[in-house]
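In what follows, a single structure is set out as structure tokens and then discussed.
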């Protein structure tokens, strides 16, 4: 099988993808697969929220308002979060802040933006924030599960060097963010078919699979024994945060708290785990 700069290989799984593009061209205009994947995730998430929300007695119009504002504020929050913690990348070219086609969306920023939209919208409509949040987290998880595959097509958001069972090999020249290629990866470069390859943790895959597990736990176990509004929401923060804390430790493209070497998303994940665990423990003892 011929390999090229567009190939992605999982050697220990005996899986070779010889041609993995990152966009399609329509009438001379490039549309990134990343955007397509996110758009599909939004549609699936919205459809699920409408189905689950109506089953729980919410009006469709209320849900549509919350979904639309949640998507808009989620995208805005994801961009603001990314830019705030990577200001050095935009120094001298501030107009690029508005160019989403260059990439640069952070999931935790999207979660924060979406939560703010839910808080404002539910208050305006006289709905319970936590009752709505218990439904919205399922949509959020669907979006996260799909969205991580956009990172796969972009050859980004991968982890440090590894040669484990799930090791993913990427051509060095195809990596979207060259600064994410570490010295350790360079030491273990593999030359094949005239191409230099790095071998990394496929953290996009880890997080997507983790989120599938979180979705199944929340839907088939937590939802069925739910005793108070917010139980699913805080369970999500706990379970997703635990997985994200571990996965973030593997990544080489972390966003750091300004002036420190602390990964901001890892710190936020730890806070979410601690706070949500405390809330769940307290509610279990008092209900």
Problem set entry | Helix 203-217 vs. the chain, principal-axis angle (Cα, 0 to 90°, nearest 10) | 20
For this session: Evaluate E = 1/(1 + (r/R0)^6) for residue 23 and residue 62, where r is the Cβ-Cβ distance and R0 equals 41 Å; express this FRET efficiency to the nearest 0.05.
Result: 0.65
For this session: For an R0 of 41 angstrom, estimate the FRET efficiency from the Cβ-Cβ distance between residue 193 and residue 262 and round to the nearest 0.05.
Result: 0.55
For this session: Mind sorting 249, 235 by how few other Cβ atoms lie within 10 Å of their own Cβ, fewest first?
Result: 249, 235
Exercise. Cα gyration tensor of the range 156-287, axes a ≥ b ≥ c as square roots of the eigenvalues: rounded (a/c below 1.5), prolate (a/b > b/c) or oblate?
Worked result: prolate
Problem set entry | Tilt relative to the chain, helix 231-250 - C-alpha long axis, 0 to 90 degrees, to 10 | 20
Problem set entry | Stokes-Einstein D for the chain, Kirkwood Rh over Cα pairs, 4 °C, 1.567 mPa s (µm²/s) | 64
For this session: Rounded to the nearest 10 degrees, what's the angle between the helix 129-154 long axis and the longest principal axis of the chain, both from Cα atoms, 0 to 90?
Result: 10
Exercise. What list do you get for 187, 54 if you sort them by fewest beta carbons within 10 Å?
Worked result: 187, 54
For this session: Distance between Cα centroids, the range 159-178 to the range 207-263: provide it in whole Å.
Result: 24
Exercise. Residue 246 versus residue 123, label points 7 Å from Cα toward the beta carbon: distance in nm?
Worked result: 3.7
Exercise. Sorted from fewest to most neighbouring beta carbons within 10 Å, what does the list 23, 51 look like?
Worked result: 51, 23
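Read-outs throughout are calculated quantities, based only on the coordinates presented, and are distinct from any laboratory measurement. Because the structure is a prediction, the values reported are computed rather than measured. In this analysis, Cβ positions are derived from the backbone assuming ideal geometry, glycine residues included, and neighbour counts consider all displayed protein chains.
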